[in-house]
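The block underneath contains the structure these notes are about, expressed in structure tokens.
The values are calculated or read from the model by the stated rules, or taken from the named source; none is laboratory data. Since we're looking at a predicted model, the values are computed, not measured. Here Cβ is always computed from backbone atoms with ideal geometry, including for glycine, and neighbour counts include all displayed protein chains.
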Amino acid sequence: MKAKNGREAARREECADELKDDLENQKPMLKGQIRESIQQYRRGEKREAGAFLSELRRKLARPNTKRKTQA
């Protein structure tokens, strides 16, 4: 029984490490988006909240093709 628990713990740790790596890889992209948004705001570029929400919904509806799939 101990070996099984050890393997499960190792799998959980691997999953946590993969999630951490994914989050670390996303940081540069997020930082770039935030930087661009701040620049647009400072230039006075604004849009209606409804238009912004529509854009977010479209992006969320699109399948993420960049993401790795596990076999």
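Give G6, G44, G50, G32 a once-over and let me know the one that is over 22 Å from the mean Cα position of the chain (by Cα), assigned to a helix (DSSP H, G or I) and modelled with pLDDT of 80 or more. Before the answer, list the steps.
On the way: G6 fails: modelled with pLDDT of 80 or more; G44 fails: assigned to a helix (DSSP H, G or I); G32 fails: over 22 Å from the mean Cα position of the chain (by Cα).
The match here is G50.
Answer with yes or no whether Q26 is surrounded by 10 or more Cβ atoms within 10 Å (Cβ to Cβ) and either of a type in the set (A, V, I, L, M) or at pLDDT 75 or above (or both).
Judged against the criteria, Q26 is not a match.
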